[in-house]
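*Asks:* Before anything else, here's the structure in question.
The values are calculated or read from the model by the stated rules, or taken from the named source; none is laboratory data. All of these numbers come straight from a predicted model, not from anything done at the bench. Quick reminder, even Gly has a Cβ in these numbers, built from the backbone with ideal geometry, and neighbours come from all protein chains shown. Just so you know, the surface numbers come from the protein's heavy atoms only, side chains and all, with ligands and any DNA or RNA stripped out. Shrake-Rupley method; radii C 1.70, N 1.55, O 1.52, S 1.80 Å.
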Amino acid sequence: MIKILAINGSYRDDGITDQTVEALAQALVAAGAEIETILLREYPIEFCNNCRACTQQPGAEPGKCIHHDGMLELIDKIERADCYILASPTNFGSVTAIFKRFMERLAVYAYWSWDMKGPQYRKSQAPKKKALLVSSCAAPGILGRWLFGTDKQLKMAAKVIGAEIVGTLYGYDCQGTAPEAVGRCVGQDHKISGKAGVGISNSMKKKENSKKSGSVIITRQEHGISRKLMSPNALRVLYRLKDNGYVAYLVGGCVRDLLLGREPKDFDVVTNATPGEVKRAFRNCRLVGRRFRLAHLHFHEELIEVATFRSQAADEPESAAEEKRGRENRQRHPHMLKNDDGMILRDNVYGTPEEDALRRDFTVNALAYDIADFSIIDFTGGIADLNAGIIRTIGDAAVRFQEDPVRMLRAVRFAAKLGFTMADETRKALVSAAGTIVTASPPRLYEEMLKILLSGEAAKCCDLLRQTGLFAALFPFFSAWLDAESEGFPHTRFGEMLTCVDSRVQQGGTVSPPLLLALLFGEYLEEKAANFRANGAPWQQSIDAATAEFLGEVCPFVQIANRVGFALRDIIAQQMRLKQIPGRRPQVFIARKDFGDIIEYCRITHGDKKDVAGGLKWWVAEAAEQEPVPLPERSQESEAPPQKKKRRRRRKPHGVPPSTQ
C-alpha cells in the first residue's frame, strides 16, 4: 500500500486549502492509498536558530537538529512516505508563516560544511518521490499562479526533500479533477492493493485511533496539550532521559489538569530507568522514600519527582528451601511487603508502563504524556471518565483502599476539586472502609488534610468527608461536638470558616496552617477553655489546657506538628492582648512573627462587632506607623577576623603530683 503524507500550512479550520486537501484525501483513500495529514498549526515546531549544526553532518540522511520537538517525528514521517501533498494558502504573496517555519527547519536536508561555498541537497542523487502542490488565494486561480510566489515556495520545499512535482492545484481546482490528480500522485509505478487506508482527521475530539496492549493512543493532532504549558524543568528531565535511551512519560495530575485546561500544580515523571540510573544521569538528584524509592530532582524553586515504572507482581510464595535460606541469611528488606491487613508497606518491584498505570489509584490520574511523539497514552479508560466527570478506582476499589487508605481522602479531594462524582462502586467501597483510614500514618494524614483544607474547595470536601464517615473517623471528639448543640444553638461557625478559607484561597491568598486550624477549631478550643476557667483556671492556663486536650484528641490520628500546635495556642491566647489598648510595650507585641495571624483571626471571627473593629483599626494603624528596627552597622573592628579564643588549660586531677620535667 502506498503511503502519502499531506503537510498543510493553513491557518484556519475548514478553509479552501483544508477542503482541497480533504477532497484529495478522500479520493486517495477510495483509490486504496494510505494518507496521513499533518496540520502545521497544531504541530510543535520551533524556529530555526540558523546554527547550521545539522548541515555539518555528511551523508544522504537528514542531519540532526539541536531542537527536540515535533520536527524530529515529522522528518521521520517524510522519510517513510512514498508521496507528498504540500499545501499552503497565500499570505501576503507567499506561503504562510508556519509553512515558512517548516521550510526553515528543512535545512536538515542540506549538506553545507563551513569550507563549502554553497549547500548541496542530500536527496539530489536519491530516487525521486512524487509531490502534489495545493494552494489558494483571494484572486482567481490563474492570477494567483502568475502574481504570487506561493507556487515557487512550495516547489522549493518539494525540491529540498527530494520530490518530483507532478501537479499543482489552486483552490477548488481539484473538484472534478481529483481522479486525475490521484493518478498523477500515485503514478503507474505503484500498485495499489489491499484495504483502503484511513486518513487522520484534524478533529480535536479525543477518540480511540490506535490500540496497543489494551491502551488508547491520542496523537498530538487530537489533543490540545502544548509544551508551552509545561514546566521547562520537567521538559529538561524528559528529554535527558529520552536522549539517554530511556522511556519517559509525564503522568498523574499534571496530564489530567492540562486536558481540563487547568494549571498543573506540579509535574511528575515516570521512566524505565531505576532510581540509581536516574541519580547517575542528574547531578541534582536525591533518592528518597522507603515504601517506594523515588528520585527528587531539585531545581530553582521547583522539585521534579521521578519514579520508576511499578509492577503488578504480588509476593509469590517461596519454596521451603528458599524460605529457610531467607530466614537464615537475609541481608536486605524484601522488594514488596504488606501487613496482615493488606496495606502496602514497601513496594520496589519495577515493571512496564502499562503495569505502572494499573497500579495507580484512579483512572483520571493514570494518563501518560509520551515525550517521544507528544501523544497521550490511556491504559485504564481515563479519557472516558474525564469526559464523563467520574472518579473511579482502577481495579477492585475495596482492595485499592485496603492497600493505601489515604486514597479515600484523595478520592474526596479530587471529586470536590474537579466537580466530579464518584462511581457507585468506588463510593460504596469508600463508605465501607471509612473506619480503616486511621491505620494510615498520622503525619501523612496531616499532610493530606492540609491539601484538602487548602484546596479552595474545603467546604465541599468536608461535606463529603462527613457523608462518607471519614470525618468522624479522623476527628471523633470534634465531630461529636459538631453534631451536638451548645445552649440550643447548632455549631455553624465551622462551615462559615470553611467558606472564608475557600474564598481567600480562590482569590490567590494564603492561609498559614496555624491560622487555618485556629479558624476551624477555634470555637471548640474557646469552649474548652471556658470550661477550665469555670473551674478556676486563669486565662493563659485555660488556653494551654484546652490546646493540650485538643491535640491529645487529634494527634493519634492526624499528627499536628508541635510548632504548629504552639502557634495555634498563641493565636487563641493573644486575643486577650488585643483588648488592651495600648497596654504595656505595644511595639513588642506588634513585632511578633504571628502578629498578622492574630489580627486576621480576630478580624474574621469577631470583626463584625463595633468595639472589636475599632480596636483592630488602632492596632493596624499602629503597626503601619511603627518603623522597622534598623540593623546595626558593622564597625571596622567587627569587619576584622575574630580573634581565636584562648584555649583553657586542663586542670589536673586532685592528688596527682606535679610533673618533674
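*Asks:* What ranking of MET576, MET408 comes out by heavy-atom accessible area, probe 1.4 Å, highest first?
*Replies:* Heavy-atom accessible area, descending, gives MET576, MET408.
*Asks:* For the range 61-75, take each phi angle, set θ = phi - 60°, evaluate the Karplus expression 6.51 cos²θ - 1.76 cosθ + 1.60, and give the result in whole Hz per residue in order, putting x for glycine and proline.
*Replies:* Result, ordered by residue: 7, x, x, 8, 8, 6, 7, 10, 9, x, 5, 4, 5, 5, 4 Hz.
*Asks:* If you don't mind, there's one more thing I want to ask. Mind ranking CYS500, CYS254 by accessible surface for me, highest first, 1.4 Å probe?
*Replies:* CYS500, CYS254
*Asks:* Percent of Cα-Cα pairs more than 17 Å apart in the range 1-99, please.
*Replies:* Counting pairs separated by more than 17 Å, the tail of P(r) holds 59 percent.
*Asks:* Then there is this: What is the distance in Å between the Cα centres of the range 368-418 and the range 262-302?
*Replies:* 21
*Asks:* Could you calculate the FRET efficiency of ASN50 with GLU447 from 1/(1 + (r/R0)^6), where r is the beta carbon distance between them and R0 is 51 Å, rounded to 0.05?
*Replies:* For ASN50 and GLU447, the calculated efficiency is 0.55.
*Asks:* Let me ask something additional. Starting from the Cα coordinates of the range 39-83, work out the convex hull volume and express it per residue in Å³.
*Replies:* 85
*Asks:* Return the long-range amide H neighbours of ALA6 (sequence gap of 5 or more, or a different chain), with a cut-off of under 5 Å between placed amide H atoms.
*Replies:* Sorted by chain and number, the residues that satisfy this are GLU36, THR37, ILE38, ILE85.
*Asks:* Give the long-range amide H neighbours of VAL349: residues separated by 5 or more places, or on another chain, with amide H under 5 Å away, using H modelled in the peptide plane at 1.01 Å from N.
*Replies:* SER311
*Asks:* Moving on to the next point. Sort LYS123, LYS117, LYS279 by heavy-atom solvent-accessible area, probe 1.4 angstrom, most to least. All intermediate terms of the calculation are to be shown ahead of the outcome.
*Replies:* Working: LYS123 30, LYS117 205, LYS279 100 Å².
My answer, sorted largest first, is LYS117, LYS279, LYS123.
*Asks:* A further question follows. Per residue of the range 441-454, in order, report the coupling 6.51 cos²θ - 1.76 cosθ + 1.60 (Karplus, θ = phi - 60°) as ³J(HN,Hα) in whole Hz, putting x for Gly and Pro.
*Replies:* 5, x, x, 5, 5, 5, 5, 5, 5, 4, 4, 5, 6, 10
*Asks:* Wrap a convex hull around the Cα atoms of the range 523-573, take a quarter of its surface area, and give that in square nanometres.
*Replies:* 3.2
*Asks:* What ³J(HN,Hα) values, in whole Hz, does the Karplus curve 6.51 cos²θ - 1.76 cosθ + 1.60 give for the range 507-520 when θ = phi - 60°, with x put for Gly and Pro?
*Replies:* Calculated HN-Hα couplings, in order: 8, x, x, 10, 9, 6, x, x, 5, 4, 5, 5, 5, 7 Hz.
*Asks:* Please report the projected area of the range 258-306's Cα convex hull averaged over all directions, in nm². If you can, show how the numbers build up before the last one.
*Replies:* Working: hull surface 17.7 nm².
Convex hull of Cα atoms, orientation-averaged projection: 4.4 nm².
*Asks:* List the residues whose amide H sits under 5 Å from the amide H of ALA131, counting only those 5 or more places along or on another chain, with H placed 1.01 Å from N in the peptide plane.
*Replies:* TYR84, GLU164, ILE165, VAL166
*Asks:* Taking the simple approach of a point 7 Å from Cα along Cα-to-Cβ for both TRP114 and GLU61, what is their distance in nm?
*Replies:* 2.4
*Asks:* Name the trypsin sites (Lys or Arg not before Pro) in the range 514-584 that are in a loop by DSSP and that have at most 16 other C-beta atoms within 10 Å, would you?
*Replies:* LYS579, ARG584
*Asks:* Please work out how much length the chain gains when fully extended from ALA384 to THR439, using 0.36 nm per residue of separation minus the C-alpha to C-alpha distance, in nm with one decimal.
*Replies:* 16.5 nm
*Asks:* Here's something else I'd like to know. If you stretched the chain out fully between GLU104 and GLU549, how much longer would it get, using 0.36 nm times the residue separation minus the C-alpha to C-alpha distance?
*Replies:* Extra length available between GLU104 and GLU549 comes to 153.1 nm.
*Asks:* Could you list, in their original order, any pairs among LYS130/LYS242; LYS128/LYS155; LYS100/LYS228; LYS3/LYS128; LYS3/LYS159; LYS265/LYS451 whose Cα atoms are separated by more than 23 Å?
*Replies:* From LYS130/LYS242; LYS128/LYS155; LYS100/LYS228; LYS3/LYS128; LYS3/LYS159; LYS265/LYS451, over 23 Å: LYS130/LYS242.
*Asks:* So, with a 1.4 angstrom probe, what is the percent of accessible area on the range 468-577 that is carbon and sulfur?
*Replies:* With neighbouring chains kept in place, the figure for the range 468-577 is 56 percent.
*Asks:* Set the Förster radius R0 to 25 Å, insert the Cβ-Cβ distance between ASP611 and MET576 as r into 1/(1 + (r/R0)^6), and round the FRET efficiency to 0.05.
*Replies:* The calculated FRET efficiency here is 0.95.
*Asks:* Here's something else I'd like to know. Run the quick spin-label model on VAL588 and THR421: label points 7 Å from Cα toward the beta carbon, then report their separation in nm to one decimal.
*Replies:* If labels sit at VAL588 and THR421, their model points lie 6.1 nm apart.
*Asks:* Still on this structure, I have one more. If R0 is 30 Å, what FRET efficiency do you get for MET156 and HIS68 from their C-beta distance, rounded to 0.05?
*Replies:* Here the calculated transfer efficiency is 0.70.
*Asks:* Run the numbers for VAL288 and GLN125: contour at 0.36 nm per residue of separation, minus the present Cα-Cα distance, in nm.
*Replies:* 53.1 nm is the gain from fully extending VAL288 to GLN125.
*Asks:* Right, another one. For a quick check of your reading of the filter: which trypsin sites (Lys or Arg not before Pro) in the range 32-102 sit in a DSSP loop and have no more than 15 other Cβ atoms within 10 Å?
*Replies:* In loop regions of the range 32-102 (DSSP not H, G, I, E or B), the sparsely surrounded trypsin sites (Lys or Arg not before Pro) are ARG52, LYS64.
*Asks:* With the crude spin-label approximation of a point 7 Å out along Cα→Cβ, what separation in nm comes out for ASN531 versus LYS228?
*Replies:* So the label points at ASN531 and LYS228 sit 6.0 nm apart.
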